[in-house]
Amino acid sequence: MLSLQHVSKYYQVGGNKNFVLNDISLDVDEGEFISIMGPSGSGKSTLLNVIGMLDAPSEGYHYFVGQAVHQLKEKQRSALYKQYIGFVFQAYHLIDELTVYENIETPLIYQDFKGSERKAMVADILDKFQIVGKKDLFPSQLSGGQQQLVGIARALIAKPKLILADEPTGNLNSKQGDEIMQLFRKLNKEDGVTIIQVTHSEKNAEYGSRIINLLDGKIESSKNI
Amino acid sequence: MIKNYLKLSIRNIWKHKVFSIINIVGLSIGISAALVIYLIVHHDFTFDQFHKDGDRIYRVVSNYSFSGDPSYNSGVCGPLPAAVKNEMTGIESAAPFYTLNDFNAIIPNGSKTPTKFKKQQDVVLADASYFKLFEYQWLAGSIKSALNAPYQVVLTSDKAKVYFPLLTFEQIIGKQVVYEDTIKATVSGIVQKPIENTDFQFSDFISYSTANSVKDLKEQISLDEWRSTSSSSQLFVKISAKLSVANIEQQLNALLKKHNPKKADDNSKSSFQLQALSDLHFNEKYGSFDSGTIANKSTLYGLLTVATFILVLGCINFINLTTAQASQRAKEIGVRKTMGSTRMQLISQFLSETFLITSLAVIVAIVVSPFILKLFADFVSKDIKFDLFGQPSLMVFILLLTIIVSFVSGFYPALVLSSFKPISVLKNQITSGSNKTRNAWLRKSLTVTQFVIAQFFIMATLLISKQIYYALHKDLGFKKDGILSITTPFKNNTAGKKQVFLNQLRAIPQIELVSVGGEPPSSSGTHSRSVSYTDGKKEIKTDLELKMGDENYLNIYKIKLLAGRNLNPSDTAMQLIINQNYAKVLGFKTPQDAIGKYINMGKVDKVNSEIIGVAHDFYPKSLRSPIKPLAITYHEKAFNNNTFHIALKPETAGGGEWKAAIASMQSLWKGIYPNDDFEYQFFDERIAKFYEEEQHISKLLTWATGLSILISCLGLLGLAIYTTNLRTKEIGVRKVLGASVSQIVRLLSTELLMLVILALVIVTPIAWYAMNKWMQNFADKTPISWWIFALSGVGMLIAAFVTLSSQTVKAAISNPVKSLRSE
């Protein structure tokens, strides 16, 4: 599904290159559930952002669903991730001024779905996540776990092939975290959604099918479970 | 999508209430100013725009110059209209008419007490050609027959309703209106009163041929006198599209030369000129008609500039506040971008938000504007009304204004906001983004611009107030308090009646002194003649302004006599009291030297007038005109001495004496002039009136100043919020390291106050230049003192500092733990 070849990301500091990602090569197949681990500053989030096309690497080749991302223009890139990728953030990043319903609806608006279609899709996912009763509340009226649930619902609404989750449980207590992980596993197993998550927690990492360990911008180990 | 934007906009406006209110207030001030000024300017610029072929219609006006002094008259000499019709080519139609002022009209109704309408102003003599040139809608009667015979009159619809309130237009035809007790005119037509703005406000059109049958009128019009011109005698022409204005003017002047050949000793020049219809409402040399008011184009352009400035201030404010607020919106933008929004979609989202805020501001402005108009009611024409649904052009203007203001104030913030990179937003790096420096720089220049504008207004207001104060408090060379003047009627008045009135006035106990003469020492009218003096070697020719008075004139106005004696009752127009200026012009070293000398007044009998006294100089006009040679003398027998100058005794503590005196004068007046209204004018009020225009400008500028200071301070507040937000962490660190509140306030304020000072430096030369230009209107002027600039600068600094304190102090006393915790 996606392939990174010799990808590096660095900042020029004086005469030295300060590597955040250093010559990373990685292939991800459809249906995988990958957990990226590593200490702070090892480049986990940057790797995720590069995969999500929010950040561009300094060097290397990046292919996504058969397209050479490193050759695409900004506009084409955003069209690509709009269609295939859903993002889940540690801090949820819901829009405070929008209700639960409207937050979930937003990606559909940007993908030019018709009003009636949007209604059906949002209703469907609200139902699936059992948050129908919360649809008119604003983010500030929800608990952290509920907010993240909305965040995931929003990421899934446009039926992406790939979910990128940056420490999705980082702000949650362990019980809420477990529920979110259960949900991810279910999505991966039942709906076949490819998931790449960044996490600090060994326990959460084990929900995945492969664990990649990063250290100082390099892949230190990669093991299948 | 639009619905979505709208919903979000409303929530955003609601969430950031303070910012929204500041934005809406700032914009609505600008928009109200723009609306009100649009109404004023639009009113004046739409005068007489509706006439068919208006671009080819001209008024023939007369220009003169007497020994180099130019003068202008909006009329033509009596015989010209006939000559134009008979002897000229290239004129498609010519319409002469003659304006008549203060005409009484009586509507006979069979009873002994017919309805009487005094002093009608809009009566003219006209013929059918007037209605051919200016098309009116005929409600009754017809253009073909209405004004052909003598003693016919055409009324406008509104006037007809005044004269005959109970009749229909058809019924009014054939009814009689008696003008000036003798001219019995029959109503032969009724035309619709023009609904558009026009200076042609005439309502009673008496047939021109009536003049041939009425001796008084015939003399007044003097149809065969080429050498006399009255501004009442108007001539409008429509010229052929093929001919140029210059060609027609040439033909007109050839006519003049042919009929009125110049004499050898005549050192005056006269010529005709064509005045475009569009110029009629604006040219103060000619005025519109005898009773019409005109507008000053430069004042109108000045108003437009003021409106633009205030509007720009409002927009700058919006840009400043919105970009300052940007970091608060950053997260939303980042999220939206990762959700797949394009930049265009974000730009249109922000623009629609701006549009909503602007619309709210427009609604506020629409509510407020009628009150602002009322505020300026004393110098804004009463025809200017804020009638949203009755004025389609106003609707269009408001719509355009909304769109333009939304775009101007919304475009840049939308660009800035939509340019945020999602990755840096989501990593909380937005405050150190690459946009920051450029952004701050732009915001600072905008703020400096605001303060340049605000301080310019402050300085201008200070200077104009200073000049008005100077003009009203300067020693003008005469006394002006407690003196009033009454002008007895021009018509139906005799020397006997005036003598009776004078004797009765003198008997009123509250009156100190009465003088009979012409204009008071300072007046808008001028009466002057060319005079000469021969000092043995050479002849000194000048214009000499004359003030008519009697032996009490000097005493009433407390004009100081420097040499010689006052007039006494045995003197005549042969004795002169000249002013110091004239004595100097004639070359006398001391005033005493002038006494007993003779001046050639250019009279037919060649008898010279004697200088019997020299008076201290005084200003015969407003301070716009310099002091020129002048003499005070008895009136000549041929002239009317109609004006009574009355010095009242000072009022005692209880007051009320003047009121009583005026009441007794009024009852005396009623006894002598029962048909005329009693009118009086205090001299000091008359002088204050000279500066009416300045007073109006001053009032307007005071408002503009207040508003621009308010808006600018709002803008500064926005900038202060922005910088304190930006430096929260720095402030926290400094406080932990031991900085005091005052040190932090100073740190935060200095930079912004420097902007105000920079603005002062920029605006001072500009304001100085502009003020100098304006002051050239005045012959005698108050100096442009340094303290005007200093006061404006200090005032602005104080206002700015107070505004800033509200933010800086808050930032300085906040708990540093809070601001440092976020990492």
| Label-point separation in nm, B:Glu170 to B:Trp786, each point 7 Å along Cα→Cβ | 8.2
| request: Taking only Cα atoms and a 10 Å spring cutoff, compute GNM fluctuations for chain A and point out the largest among A:Ile152, A:Ile36, A:Ile109. | output: A:Ile109
| message | To make sure I understand, if each residue's beta carbon is the centre and we count other beta carbons within 10 Å, what order do B:Ser712, A:Ser140, B:Ser740 fall in, fewest to most? | response | A:Ser140, B:Ser740, B:Ser712
| task | Mind giving me the nanometre distance, one decimal, between the label points for A:Ala79 and B:Gln137, set 7 Å out from Cα along Cα→Cβ? | result | 6.0
| remark: To the nearest 0.05, the calculated FRET efficiency linking A:Lys175 and A:Asp136 through their beta-carbon distance, R0 being 41 Å, is 0.95
| Listed pairs A:Lys73/B:Lys337; A:Lys159/B:Lys337; B:Lys118/B:Lys175; B:Lys589/B:Lys773; B:Lys421/B:Lys810 exceeding 27 Å between Cα atoms | B:Lys589/B:Lys773; B:Lys421/B:Lys810
| task | Tally the DSSP beta bridges in the protein assembly as shown and give the antiparallel ones as a percent, rounded to 5. | result | 75
| message | Taking the beta-carbon count within 10 Å as an exposure proxy, list B:Val191, B:Val452 from fewest neighbours to most. | response | B:Val452, B:Val191
| said: Less than 14 Å from a label point 7 Å out along the Cα-to-Cβ axis of B:Lys538: which backbone N atoms in region B:578-621 qualify, by residue? | reply: B:585-588
| Under the Karplus relation 6.51 cos²θ - 1.76 cosθ + 1.60, θ = phi - 60°, what is the ordered set of whole-Hz ³J(HN,Hα) values for region B:510-524, x standing for Gly and Pro? | 6, 8, 8, 8, 10, 10, 10, x, x, 6, x, x, 10, 8, 7
| query | How much length is gained on full extension from B:Lys52 to B:Gln391, taking 0.36 nm per residue of separation minus their Cα-Cα distance? | reply | 119.9 nm
| With a ≥ b ≥ c the root eigenvalues of the C-alpha gyration tensor of region A:1-126, is it rounded (a/c under 1.5), prolate (a/b larger than b/c) or oblate? | prolate
| request: Would you work out which of B:Trp669, B:Leu707, B:Leu719 lies farthest towards the positive end of the dipole of region B:626-762, given +1 charges on the beta-carbon of Lys and Arg and -1 on that of Asp and Glu, about the Cα centre? | output: B:Leu719
| note | Here the relative contact order (percent) of chain B, from C-alpha pairs under 8 Å and at least 6 apart, is 14
| Prolate/oblate/rounded call for chain B, Cα gyration tensor, a/c under 1.5 rounded | prolate
| What is the mean number of Cβ atoms from other protein chains located within 10 Å of the Cβ atom of each residue in peptide A:48-55, rounded to a whole number? | 3
| remark: Taking 0.36 nm per residue of separation between B:Tyr598 and B:Asn4 and subtracting their Cα-Cα distance, the length gained on full extension comes to 204.6 nm
| request: Would you compute, from DSSP H runs of 4+ residues alone, the mean residue ellipticity of chain A at 222 nm, taking -39500 (n - 2.57) per run and dividing by the full residue count, rounded to the nearest 500? | output: -10000 deg cm²/dmol
| query | Each label point is 7 Å from the Cα along the Cα-to-Cβ direction; what then is the distance between the points at B:Leu400 and B:Ala739, in nm? | reply | 5.0
| remark: With R₀ set to 45 angstrom, the calculated FRET efficiency between the beta-carbons of B:Glu551 and B:Ala82, to the nearest 0.05, is 0.40
| Roughly speaking, what is the stretch gain from B:Gln499 to B:Phe45, that is 0.36 nm per residue apart minus the C-alpha to C-alpha distance, in nm to one decimal? | 158.5 nm
| field | log10 of Debye I(q)/I(0), alpha-carbon scatterers only, for the protein assembly as shown at 0.05, 0.08 Å⁻¹ | value | -0.55, -0.96
| Which value, in debye to the nearest 20, describes the size of the charge dipole of the protein assembly as shown about its Cα centre when Lys and Arg Cβ atoms bear +1, Asp and Glu Cβ atoms bear -1, and nothing else is charged? | 1300
| query | What ranking of B:Cys713, B:Cys315 emerges when the number of other C-beta atoms within 10 Å of each C-beta is taken as an exposure proxy, fewest first? | reply | B:Cys713, B:Cys315
| query | Going down the table (B:Lys159/B:Lys218; A:Lys134/B:Lys7; A:Lys44/A:Lys175; B:Lys119/B:Lys491; B:Lys374/B:Lys621; B:Lys161/B:Lys184), which pairs top 21 Å between alpha carbons? | reply | B:Lys159/B:Lys218; A:Lys44/A:Lys175; B:Lys374/B:Lys621
| field | Helix-only [θ]222 nm of chain B, DSSP H runs n ≥ 4, -39500 (n - 2.57) each, per residue, nearest 500 | value | -16000 deg cm²/dmol
| Computed E for B:Ala770/B:Asp279 - FRET, C-beta separation, R0 25 angstrom, nearest 0.05 | 0.40
| note | Toy charge model, Lys and Arg Cβ at +1, Asp and Glu Cβ at -1: chain B dipole around Cα centroid in debye, rounded to 20, equals 3600
| Per-residue HN-Hα couplings for region B:23-40, Karplus 6.51 cos²θ - 1.76 cosθ + 1.60 at θ = phi - 60°, whole Hz, x for Gly and Pro? | 4, 5, 4, x, 5, 5, 4, x, 5, 4, 4, 4, 5, 4, 5, 4, 4, 4
| request: Show the residues, 5+ positions off or on another chain, whose built amide H is closer than 5 Å to the amide H of A:Phe33. | output: A:Ile195, A:Ser209, A:Arg210
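The numbers here are math on the coordinates, done by the rules we state, and not lab data. Being a predicted model, the structure only gives us computed values, none of them experimental. So basically every Cβ, Gly included, is an ideal-geometry build from the backbone, and we count neighbours across all protein chains shown.
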